Amino acid sequence: MTARLRVGLFVTCLVDLFRPSVGFATVKLLEDAGCVVEVPEAQTCCGQPALNSGDRSDAAALARQVIDVFENYDYVVAPSGSCAATMRNDYPSLLEDDPAYAARAVTFSAKVFELTSFLADICRVTHLEARVEANVTYHDSCSSLRGLGIRAAPRRLLSSVEGVTLTEMPETEVCCGFGGTFCVKYPDISNAMVAKKAANAKATGARMLLSGDLGCLMNIDGKLKRDGVDIEVRHVAEVLAGMVDTPPIGGKS
Amino acid sequence: MHLTSPSFKENSARALADAPLQRALAKVPLGFIDKRRAAADALPEFEALRDKAVEIKNHALKHLDLYLEAFAEKVEAAGGTVHWAADAEAARAIVLDLARKRGAKSVTKSKSMISEEIELNDFLEQNGIQPVETDLGEYIIQLRHEHPSHIIAPAIHVNRDQVEADFRRAHADLDPQRDLSDPRSLLAEARQVLRRRYGEADMGITGANFLVAETGSAVIVTNEGNADLTQLLGKCHVVIASIEKIVPTLEDASQLLRVLARSATGQDMSVYTTVVTGPKRAEDLDGPEEFHVVLLDNGRSAMLGTEFEEALRCIRCGACMNHCPVYQTIGGHAYGWVYPGPIGAVLTPSLIGVEDAAHLPNASTFCGRCEEVCPVRIPLPKLMRHWREREFERHLQPAPMRWGLGLWAFAARRPALYRWGTSLVAPLLSRMAGKKQRFSSLPLAGGWTKGRDLPAPEGKTFMQQWAERRSAAGKAKA
Ligand code: SF4
């Protein structure tokens, strides 16, 4: 038998702050898949807000911090396509002029995975013990879908959860309007974008909306709640782990 | 065109509240996205063609000076004239001079974004020359005294009933009782009116999709055939085009045509593709007596060799804006200058200066759809990010944003401090939200909570809870 994979869990700042349940669901999924999970204490943020605001020097500092903390794991897994895409796609170019980190960034970035793709593609998880009775719809986050090319993995995993039926919504590949700092800088445009997303979600008649990124989820949930639409919003990890006893994101409607 | 990019926020607020505009915008995805998808899927070599297109444009840009010279030589050899315009003012002066030499009172025009960029119509009118737009969309917006809101569908923001009202107003000499309920009747009426204008025009101005160095030709594509009438019926044909339209050979142009229409409208080819080389020759039955090409730089050569050079690959297909969720939400006018959508967000700061265009590269979620569909694979989000970097260096972003970010980065670089801060804030917010577990308003988050609720933290942070569980497990073991 091969040695168990040592996985460093990159919790992500949103999960840490807003929805620890997702972190625990992630740990369960990784452990069930046979990994040894560690959660390094010195982690904060992947640096994406700085990177996307044009602040390369803070972004690079945070990237170095992440690499220092995580580079010795076999894999680094985040319950977020957005953070994973930053670490995987952007770190190498961000640190390419830093002689001490350029090569390490390349090695590190190849170890970084978004949770569902890690479970499906690396751990080859085909069956999950969970049982959740729900008609769900799945929102593809832009960074998962286009940044990391993840489309099948979450759907394949969901199909192995007993009781789950998936109803795709129209335009599932369209951005929900969260966009990190975008929703702070242009809240009205962001709000108009998420209104369309909420309408598309509602049209499915699904009882639950899932996604792999907490930013999108908070945005979509906030809109559904404001519009009085009764759809439970959860991170996909919660359903995959069968941990749906906690109140959904934003509480019950 | 009147620059309103600095008031992007106000522009977009107006767009969001504009019901007819929102109705028109809702049709953008339906018209373009599925058709592009189908056209791309129907052509197995489509992705390979995109790679080829990138190669052609990169090569042309790398040797732009050589190809421009070669192009100019060929144009002259065919009996045409090339004019070099460093900026908009120079280009306008050249066109006016040509018009005056022919005593032109009226010029027909087929669609040209360069004409918008150099604000040619207003200038000609001020100088007593009447420009007549012959592309249906351009004609509509000329009647409305507006500007294009899309680079290939300039009147996409206008609804059919608005067009009908415009036509009734502008074509007052026609029977007021006529039936214009069918979109085709609008088209027929525009044709009828414009046909007369072609005959009256002394000069025809067109843009160009490609300029071919090998032959000195301009390649122009339209779906209405109006460019052909514009250039053939006038006595003098003036092509206005920017320098990056150059491609080395006709073969290259035909390769690019294969991705252009598919990306733009989902057509295999546009309805009319015309290659023009020089003025009418002795043996030709018709054609213009004079042929001029005005080559506009207007800031483009300064982009060469910079991180923004890749944007010069653009072949103006419009796919990036068709697929942009921000464009679909606010429309093209909100961007406040000639080029809207993702390519506008990259190009506008390059051409008019990042100070005035500071909003545009920020008004993107970096969802990546534009890059995914761009036929010449311009990494639009990356280039927008480069603009944000320039803005950050020059402190162009709003102060609260900068300070907020600075404070956050300061903490994020100090894990212990960060941990301490988050372990106070998360439980506090959770308690403030109470049983509802969300906020319908919150100080500092007013922008967000104006239109939606904000989910509250569950309670303690993950890291707090993790540490507690670990120490409990440790104690249990001991
Ligand atoms: S940037 Fe690309 S997608 Fe956008 S108009 Fe230019 S060629 Fe088309």
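What to note about this one:
- Per-region count, region B:274-322, residues more than 16 Å from the ligand (Cβ to nearest atom) and under 29 Å from the mean Cα position of the chain (by Cα): 18
- Condition broken by residue B:356, with the remaining ones in (1) assigned to a helix (DSSP H, G or I); (2) acidic (Asp, Glu); (3) more than 15 Å from the chain's Cα centre (by Cα) satisfied: (1)
- Leading residue by the ranking (surrounded by the fewest Cβ atoms within 10 Å (Cβ to Cβ)) among those in region B:398-438 that are closer than 30 Å to residue B:7 by Cα and more than 9 Å from chain A (Cβ to nearest Cβ): B:399
- Candidate set: region A:13-70, residues that are more than 10 Å from every other protein chain (Cβ to nearest Cβ) and among the acidic types (Asp, Glu); chosen: the one most open to solvent (accessible area, probe 1.4 Å): A:32
- Residue in region B:27-45 that is outside any helix (DSSP H, G or I) and of a type in the set (D, E, K, R) present: yes
- Enumerated strands (runs of 3 or more DSSP E) restricted to region A:150-253, each holding at least 2 residues that are open to solvent by 10 Å² or more (accessible area, probe 1.4 Å), touching a Leu at 6+ places or on another chain (Cβ under 8 Å) and more than 8 Å from every other protein chain (Cβ to nearest Cβ): A:162-166
- Contacts under 6 angstrom Cβ, first residue in region B:28-52 being among the β-branched types (Val, Ile, Thr), partner open to solvent by 10 Å² or more (accessible area, probe 1.4 Å), 6 or more apart: B:28/B:328
- Test set (1) surrounded by fewer than 24 Cβ atoms within 10 Å (Cβ to Cβ); (2) under 28 Å from residue B:219 (Cα atoms); (3) within 16 Å of the ligand (Cβ to nearest atom) - residue B:386 fails condition number: (2)
- Meets criteria (within 14 Å of the ligand (Cβ to nearest atom), surrounded by fewer than 24 Cβ atoms within 10 Å (Cβ to Cβ) and not hydroxyl-bearing (Ser, Thr, Tyr)) for residue B:391: no
- For region A:112-149, the set of residues classified as within 14 Å of another protein chain (Cβ to nearest Cβ), in a strand (DSSP E or B) and open to solvent by 50 Å² or more (accessible area, probe 1.4 Å) is empty.
- Here residue B:205 clears all of (1) in a loop (DSSP other than H, G, I, E, B); (2) in contact with a Leu (Cβ under 9 Å, 6 or more places away or on another chain); (3) over 28 Å from residue B:28 (Cα atoms) except the condition numbered (1).
- For region B:307-326, a tally of residues being open to solvent by 10 Å² or more (accessible area, probe 1.4 Å) and in contact with a His (Cβ under 9 Å, 6 or more places away or on another chain) returns 1.
- All positions within region B:222-249 that are in contact with a Pro (Cβ under 8 Å, 6 or more places away or on another chain), open to solvent by 10 Å² or more (accessible area, probe 1.4 Å) and outside any loop (DSSP other than H, G, I, E, B): B:232
- Qualifying residue in region B:60-73 (condition: in a helix (DSSP H, G or I), within 14 Å of chain A (Cβ to nearest Cβ) and loosely packed, with under 13 Cβ neighbours inside 10 Å): no
- Selection of region B:439-458 for residues being facing chain A (nearest Cβ under 9 Å) and surrounded by fewer than 16 Cβ atoms within 10 Å (Cβ to Cβ) yields B:440, B:445, B:446, B:447, B:450.
- Matching residues, region B:96-118, being charged (D, E, K, R) and crowded, with 18+ Cβ neighbours inside 10 Å: B:109, B:111, B:116, B:117
- Summed over region A:140-150, residues that are charged (D, E, K, R) and within 13 Å of the chain's Cα centre (by Cα) total 1.
- Qualifying positions in region B:337-353 - of a type in the set (Gly, Ala, Ser) and either closer than 20 Å to residue B:87 by Cβ or within 8 Å of the ligand (Cβ to nearest atom) (or both): B:341, B:344, B:350, B:353
Yes/no matrix, rows are residues, columns are (1) over 19 Å from residue A:49 (Cβ atoms); (2) assigned to a helix (DSSP H, G or I); (3) of a type in the set (Gly, Ala, Ser); (4) more than 16 Å from the ligand (Cβ to nearest atom):
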site: B:376; (1), (2), (3), (4): yes, no, no, no
site: B:401; (1), (2), (3), (4): no, yes, no, yes
site: B:406; (1), (2), (3), (4): no, yes, yes, yes
site: B:409; (1), (2), (3), (4): no, yes, yes, yes
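- Of the residues in region B:83-98, not one is of a type in the set (Val, Ile, Thr), within 30 Å of residue B:308 (Cα to Cα) and not in a helix (DSSP H, G or I).
- Extreme residue, surrounded by the most Cβ atoms within 10 Å (Cβ to Cβ), among residues of region B:355-370 that are facing another protein chain (nearest Cβ under 8 Å) and within 16 Å of the ligand (Cβ to nearest atom): B:367
- Single residue of region B:165-202 satisfying the filter (touching a Ser or Thr at 6+ places or on another chain (Cβ under 8 Å) and assigned to a helix (DSSP H, G or I)) that is surrounded by the fewest Cβ atoms within 10 Å (Cβ to Cβ): B:200
The values are calculated or read from the model by the stated rules, or taken from the named source; none is laboratory data. These figures come from a predicted structure and were not determined experimentally. Reconstructed Cβ throughout: ideal geometry from the backbone, glycine too, with neighbour counts over all protein chains shown. These area figures cover heavy atoms from the full protein model, side chains too; ligands, DNA and RNA do not enter into them. Shrake-Rupley method; radii C 1.70, N 1.55, O 1.52, S 1.80 Å.
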